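The values are calculated or read from the model by the stated rules, or taken from the named source; none is laboratory data. Keep in mind that what you see is a predicted model, and the values were worked out from it rather than measured. In this analysis, Cβ positions are derived from the backbone assuming ideal geometry, glycine residues included, and neighbour counts consider all displayed protein chains.
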Amino acid sequence: MRIFTLLFLLFITATEKSFSQEIKFPTDSLTGKIKFTEVIYVDSATRSTLYTKAREWFVKSFQSSKSVLELEDKEAGKLIGKGNISVITEESVNENEYVKMKGLIPKKLRDQKTKGEAGTVSFTIAIYIKEGRFKYEVTGLYHKGNSVTVNGYTATVPDGGDLSNSTPSCGYGQMMPKIRWTNIRTETFNTIVTLIKNLKTTMIIKDKTEDF
């Protein structure tokens, strides 16, 4: 199953306040897993119009709608696809509790925040359409680490796994300190929220061509 990356990758720098406050993901009441969902009413919109807008949204939001869409059923009013968020985190040495001998590093460098790739987060998005309304569901958020080679040295960020868990499945360590897992979850949350906002805007705004 191929997963494709969102065109609009958000490189969000979380503030100290967001680091100190754990992100509150919406969850399914039965499974306890992360689930963003909502029913949106669009007055006077036909199911056909909403379906067309939803599919156009996929085309604009992802690199390839044919590749990302796993299910297209116009008759049933269903669109289901996969997305993939590239995660960029920003951290300082001082924020990593697993770095040893920090005293050997100049304070200015210890305090300096640097950006770095921290893997990807995959997710499933489903849109269900009826006359005058639609429902979205974003589920299955899963972090997969990556390896980066610089000057012959390879550093590997391990798989954090299911973002529903407050701690990563790989456990904490030098390449997955608490600040990094918090950043991964925070950035993913913000990206999904922006994704949903974009979907709502696309579905609700009336096209000028409809009045032509």
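Quick notes
- Test result for Lys82, within 25 Å of Tyr142 (Cβ to Cβ), at pLDDT 95 or above and basic (Lys, Arg): no
- Only residues that are modelled with pLDDT of 95 or more, surrounded by 11 or more Cβ atoms within 10 Å (Cβ to Cβ), hydrophobic (A, V, I, L, M, F, W, C) and not in a loop (DSSP other than H, G, I, E, B) were counted across region 1-57, and they come to 5.
- Test: residue in region 64-77 that is assigned to a loop (DSSP other than H, G, I, E, B), in contact with a Phe, Trp or Tyr (Cβ under 7 Å, 6 or more places away or on another chain) and at pLDDT below 85: yes
- In the set (1) surrounded by fewer than 18 Cβ atoms within 10 Å (Cβ to Cβ); (2) within 11 Å of Met203 (Cα to Cα); (3) more than 23 Å from the chain's Cα centre (by Cα), Glu75 fails one condition alone, (2).
- Where a residue in region 51-62 is closer than 12 Å to Gly83 by Cα and its partner, wherever it lies, is surrounded by fewer than 20 Cβ atoms within 10 Å (Cβ to Cβ) and at pLDDT 85 or above, with Cβ under 8 Å and at least six apart: Phe58/Leu69; Ser61/Asn198
- Single residue of region 169-206 satisfying the filter (touching a helix residue (DSSP H, G or I) at 6+ places or on another chain (Cβ under 8 Å) and outside any helix (DSSP H, G or I)) that is surrounded by the fewest Cβ atoms within 10 Å (Cβ to Cβ): Tyr172
- One residue alone among Thr149, Thr89 is assigned to a strand (DSSP E or B) and at pLDDT below 85, and that residue is Thr149.
- Output for region 92-115, where each listed residue is at pLDDT below 80 and either acidic (Asp, Glu) or in a strand (DSSP E or B) (or both): Glu95, Glu97, Asp111, Thr114
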